[in-house]
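S.K.: Attaching a single structure in structure tokens format; questions to follow.
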Amino acid sequence: MQAIWDLEQGKYALAVQRGRMPPTQPTHGQFALTNGDPLNCHSYLSGYISLLLRAEPYPTSRFGSQCMQPNNIMGIENICELAARMLFSAVEWARNIPFFPDLQITDQVALLRLTWSELFVLNAAQCSMPLHVAPLLAAAGLHASPMSADRVVAFMDHIRIFQEQVEKLKALHVDSAEYSCLKAIVLFTSDACGLSDVAHVESLQEKSQCALEEYVRSQYPNQPTRFGKLLLRLPSLRTVSSSVIEQLFFVRLGLAWKCCKGDLLSK
């Protein structure tokens with residue numbers, strides 16, 4: 001997976017040089033988590049959750065300053081850059097979390113190919129991605145890849161579903177530890193095709209779920225239904241079509257996106 005990530009980074013840099021993708025501006029200390037919660041404020045963190053959190057590529061400035069711009073004013077270029085960085089960081093996070101790198105490479109690829117869109121939605125909610133630009137992005141995507149009238153209607157309905165999923169997660173005020181556990185639960189799914197050790201992947205999902213339950217019980221003792229509410233958000237993440245995410249955020253990147261996606265999810 002390191003080779004995949006290195007290759008992807010190289011193609012990303014090449015796309016920037018050729019003007020197909022906006023350059024990333026490294027920043028520090030500018031990303032605020034949903035609850036504004038620095039990692040050291042938790043009174044309880046299991047060793048497993050701590051490792052999940054440390055695996056984040058950008059723990060405090062995770063996706064740069066775009067999400068923090070006044071009044072959430074973002075152009076199409078900036079939102080597409082943010083989306084690309086969220087996807088790439090999800091893969092890098094998976095590569096660094098406990099147990100995932102120890103899986104067979106074919107299993108790693110199968111899990112990422114199945115869950116990348118769900119991880120993307122979770123990252124979008126965590127960074128409070130401004131969703132008012134969705135119609136502009138849709139218009140840009142439709143211009144780049146025209147559709148029939150019926151498909152346009154269906155496409156816009158899928159965009160609404162994406163917006164709803166992000167807003168429902170944001171309404172729960174999920175903290176950084178909870179997001180890390182939710183992503184691990186999503187990633188370690190036995191639903192992926194062709195897994196060499198289904199039982200092991202299931203055990204990792206159970207471990208992640210138990211860690212979340214213990215954390216929520218400790219940190220939110222006055223919210224007895226919180227754990228259940230968090231878990232109930234996960235099945236609906238699959239209602240967000242991965243093809244719609246591609247059309248909405250990445251179609252403008254053209255060949256650069258196809259190359260990067262192939263390197264990230266197909267090796």
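S.K.: What is the fewest-to-most order of R95, R151 by other Cβ atoms lying within 10 Å of their Cβ?
M.R.: By the 10 Å Cβ count, ascending: R151, R95.
S.K.: Please rank W93, W116, fewest neighbouring Cβ atoms within 10 Å first, as an exposure proxy.
M.R.: Going from least to most buried by this count: W116, W93.
S.K.: Can you sort S241, S196, S117 so the residue with the fewest Cβ neighbours within 10 Å comes first?
M.R.: The order, fewest Cβ neighbours first, is S196, S241, S117.
Quick note: the coordinates plus some simple rules give every number you see, no bench work behind them. Just so it is clear, the structure is predicted and the values come from calculations on it, not from any experiment. Please note: Cβ atoms are built from the backbone with ideal geometry, for glycine as well, and neighbour counts cover all protein chains shown.
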